[in-house]
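Enquirer: Sharing a structure, written as structure tokens. Questions coming.
What follows draws every value from the coordinates through simple rules; no lab data is involved. No experiment lies behind these values; they were computed from the predicted model shown. Here the Cβ is made from the backbone with ideal geometry for all residues, glycine too, and neighbour counts use every protein chain on show.
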Amino acid sequence: MFHRIRRRAKGPSAAQCQFAELSARLQNQVPPGFGVPAVEPERIEPAAVVDDFLPPELRVPSHDQLDGKMMPWTQPLVLDGEVAVCAECGSYRDWLILSTRDQIWLRCRAGHQQQETRLDTAWFNRNSGPADATHATFEDCLRHLGH
């Protein structure tokens, strides 16, 4: 049905012949710069040490320099399908959420505080915005946040 056409090998093509010639000529040649010792780089004078680019009054303290962080949480706080409620007065909204020493604390408007073990620092960091101020005392921060 189908006939196979057998072609006889006529020898290498022109491109194969050119490649064989070129590789034979280059066989014993070494690329320039190969085996020559490397040139030592020029000595560059070290850059002058410059003070930090921000003046001290504009620097933000790092997380290890702060005693804690706070954020307001006005709506009800739902954790594991339950609304968080103050254990003393029963309020369920208008919280201050405090993050300190890898613990999360809830503070109601009346000033009662309770530790919330269902929350962690990662949750606080995901839900808090950028800090708009730093305060020297806890009371200053409460005043700033309207509590």
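Enquirer: Determine the distance separating the Cα centre of the range 112-146 from the Cα centre of the range 35-89; give it in Å without decimals.
Expert: 16
Enquirer: Picking from His112, Ser62, Pro37, whose Cα lies most toward the positive end of the charge dipole for the chain (charges on Cβ: Lys, Arg +1; Asp, Glu -1)?
Expert: Pro37
Enquirer: Would you work out if the range 88-128 is rounded, prolate or oblate? Take a ≥ b ≥ c from the square roots of the eigenvalues of the alpha-carbon gyration tensor; rounded if a/c is under 1.5, else prolate when a/b is larger than b/c, oblate otherwise. Walk me through the numbers before you get to the answer.
Expert: On the way: a/c = 2.31, a/b = 1.83, b/c = 1.27.
It comes out prolate by the Cα gyration axes.
Enquirer: Give, rounded to the nearest 20 debye, the magnitude of the charge dipole that the chain has about its Cα centre when Lys and Arg contribute +1 at Cβ and Asp and Glu contribute -1 at Cβ.
Expert: On the way: 16 positive and 19 negative charges, 414 e Å.
Around 1980 debye, computed over the chain.
Enquirer: Express in nm, to one decimal, how much length is gained between Phe53 and Gln29 on full extension, taking 0.36 nm for each residue of separation and deducting their alpha carbon distance. Display every interim value, and only then the final one.
Expert: Details: separation 24, 0.36 × 24 = 8.64 nm, distance 5.47 nm.
Gain in length upon complete extension: 3.2 nm.
Enquirer: Restricting to DSSP loop positions (anything but H, G, I, E, B) with no more than 16 other Cβ atoms inside 10 Å of their own Cβ, which trypsin sites (Lys or Arg not before Pro) remain in the range 30-111?
Expert: Numbers: sites: Arg43, Arg59, Lys69, Arg93, Arg101, Arg107, Arg109; in loops: Arg43, Arg59, Arg93, Arg101, Arg109.
For trypsin sites (Lys or Arg not before Pro) across the range 30-111 that sit outside H, G, I, E and B with at most 16 neighbouring Cβ atoms in 10 Å, the list reads Arg43, Arg59, Arg93, Arg101, Arg109.
Enquirer: Then there is this: Specify which residue in the list Leu98, Phe53, Thr134 is farthest towards the positive end of the charge dipole of the chain, using unit charges on the beta carbon of Lys, Arg (+1) and Asp, Glu (-1), about the Cα centre.
Expert: Phe53
Enquirer: What's the longest uninterrupted piece of the chain once you rule out the chymotrypsin sites (Phe, Trp or Tyr not before Pro) that are loop residues per DSSP with at most 16 other Cβ within 10 Å?
Expert: The longest such stretch corresponds to 93-147.
Enquirer: Let me ask something else about it. By count of other Cβ within 10 Å, fewest leading, how are Ile104, Ile44, Ile97 ordered?
Expert: Values: Ile104 17, Ile44 6, Ile97 21.
Taking fewest neighbouring Cβ atoms as first place, the list is Ile44, Ile104, Ile97.
Enquirer: On the Cα set of the range 66-144, report Rg and Dmax in Å, please.
Expert: Just the Cα atoms of the range 66-144 yield Rg and Dmax of 12.1, 36 Å.
Enquirer: On to the next question. Any chance you could give the angle, 0 to 90 degrees and rounded to 10, that helix 14-26 forms with the longest Cα principal axis of the chain?
Expert: For helix 14-26, the angle is close to 80 degrees.
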